[in-house]
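Each remark here refers to the structure printed beneath this line.
The values are calculated or read from the model by the stated rules, or taken from the named source; none is laboratory data. These numbers were taken from a predicted model, which means no experiment stands behind them. Glycine gets a Cβ as well: all are built from the backbone with ideal geometry, and neighbour counts include every protein chain shown.
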Amino acid sequence: MESASLAYDRFEWVPLGFDSRAVVWRRRNGWTHDLWGAYDGTDLVGIVDVATCLDDTLDTAWLFPHVLPGRRRQRIGTRLVRQAELSLEPSRTRLVGTAHYPEGQCDIAPPVRFAESLGYRLATTETVRELDLTRYQRSAGEVRGYGIQTFVNGVPHDLRVDVGRIKGLVDADAPSGELDWGAITVTPEQYAAELEIWRRQERTVVESVALTEDRHVVAWTCVVASSNAARPASVEGTLVLTDHRGHGLGQAVKDASLIELKRASPNLQRVRTSSDDENQWMHRINERMGFAAIEVEGLVQRSVSDSIR
Ligand SMILES: CC(C)(COP(=O)(O)OP(=O)(O)OC[C@H]1O[C@@H](n2cnc3c(N)ncnc32)[C@H](O)[C@@H]1OP(=O)(O)O)[C@@H](O)C(=O)NCCC(=O)NCCS
């Protein structure tokens, strides 16, 4: 159901596969996923996945509605989202969703129109970019004063506190329009739980870090490839700590991770990355590396008080 919807709407979408997707829905790492289905008799015609984190962002719920392409504009999406909203704990007052559309088409994008009809507003936009990994060649120069190291399927244990701190800063430190995320901390246990999910999905995780001489992580990036080589690998995040910006570390770690990804997943064709449209620094890095824009991911948001839900 979700795959049919995404394949219809998103640029050259390749599904993760049912078993891998189900791993995320069943995961036990602080997130819960409640799935609501809309049925016509015994036929499933729509779903909404309601994701909430139990460890942080306790005021927020993520809603991902999907309606079969042939069954749209029949108010199925509206009923699913309203039902999901009613099911939430009153403390979840910030509702967030995503809407993908081709560049320059925000004004006529169906998911944005749909979200607006339900009182959600576009909070920010991210440009999604794609790179042909088969043609990728090293793009970063030498960086002085830092060591760049790359790890497959997990960084060493002595780096996990530092990496967790950086992972928790990615959303807060990067521009995110009106979403305005706060910093969180990803503990070594949470880091290990996420790795375990990726392992169960048979995905390959490549992380590159920049280290100071006393082995502190000051820059990090992560790219995750699925076992289906036709599906683009996805860059999970990239961050350079404030005091270490301006030395080319962002491109250095991203470049190192892609070179290793080519070696670890030789059949992989494509890599996707996205960053907020206000984040000119990351967009410039991505352009220099050869990532080309393919679509926009809009993030929509609605604030609710319990009385109006
Ligand atoms: C977005 C989606 C869930 C909408 O489901 P739906 O059942 O077709 O939506 P509804 O029939 O409840 O539409 C409610 C209102 O949204 C707006 N809307 C929905 N689709 C629209 C479209 N293609 N063009 C313009 N407005 C649209 C309209 O105002 C509509 O009311 P109307 O039909 O009386 O004019 C569906 O298109 C879908 O599955 N898209 C792919 C997944 C996705 O983008 N989800 C994220 C949404 S934030």
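All of V253, V235 fail the test of being crowded, with 16+ Cβ neighbours inside 10 Å, of a type in the set (V, I, T), assigned by TED's automatic domain parsing to the domain that holds L179 and not in a helix (DSSP H, G or I), apart from V235.
The residues of the range 173-194 that are assigned to a loop (DSSP other than H, G, I, E, B) and of a type outside the set (G, A, S), listed by number, are P175, D180, W181, I184, T185, V186, T187. Checked against the criterion of being in contact with a Gly (Cβ under 9 Å, 6 or more places away or on another chain) and touching a residue at least 40 places away in the same chain (Cβ under 8 Å), the candidates L241, L299, L249 yield just one match: L299.
Scanning the range 27-50 for residues that are more than 8 Å from the ligand (Cβ to nearest atom), of a type in the set (G, A, S) and at pLDDT 95 or above yields G37, A38, G41.
Matching residues to (1) more than 18 Å from the chain's Cα centre (by Cα); (2) near the ligand (Cβ under 10 Å from one of its atoms); (3) surrounded by fewer than 20 Cβ atoms within 10 Å (Cβ to Cβ); (4) modelled with pLDDT under 95:
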position: R71; (1), (2), (3), (4): yes, yes, yes, no
position: Q74; (1), (2), (3), (4): yes, yes, yes, no
position: L80; (1), (2), (3), (4): yes, yes, no, no
position: E85; (1), (2), (3), (4): yes, no, yes, no
position: E89; (1), (2), (3), (4): yes, no, yes, yes
position: R94; (1), (2), (3), (4): yes, no, yes, no
position: D107; (1), (2), (3), (4): yes, no, yes, yes
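F64: among the aromatic types (F, W, Y), within 30 Å of A183 (Cβ to Cβ) and near the ligand (Cβ under 8 Å from one of its atoms), yes or no? Taking the combined requirement at face value, the residue satisfies it.
Here S5 clears all of (1) of a type in the set (S, T, N, Q); (2) in a loop (DSSP other than H, G, I, E, B); (3) within 13 Å of the ligand (Cβ to nearest atom) except the condition numbered (2). Residues in the range 29-69 that are more than 18 Å from G97 (Cβ to Cβ), among the β-branched types (V, I, T) and either touching a residue at least 40 places away in the same chain (Cβ under 8 Å) or crowded, with 17+ Cβ neighbours inside 10 Å (or both): V45 only.
Candidates E260, E278: the one that is modelled with pLDDT under 95 and among the charged types (D, E, K, R) is E278. Got at least one residue in the range 122-142 being free of Cβ contacts under 8 Å to residues at least 60 places away in the same chain, at positive phi, more than 13 Å from the ligand (Cβ to nearest atom) and not basic (K, R)? No, the range 122-142 contains no residue that is free of Cβ contacts under 8 Å to residues at least 60 places away in the same chain, at positive phi, more than 13 Å from the ligand (Cβ to nearest atom) and not basic (K, R). Are any of the residues in the range 155-172 of a type outside the set (A, V, I, L, M) and in a loop (DSSP other than H, G, I, E, B)? Yes: the range 155-172 contains one or more residues that are of a type outside the set (A, V, I, L, M) and in a loop (DSSP other than H, G, I, E, B).
Do we have P156 as more than 16 Å from the ligand (Cβ to nearest atom), loosely packed, with under 15 Cβ neighbours inside 10 Å and either under 20 Å from Q301 (Cα atoms) or aliphatic (A, V, I, L, M) (or both) here? So P156 does not fit the description; no.
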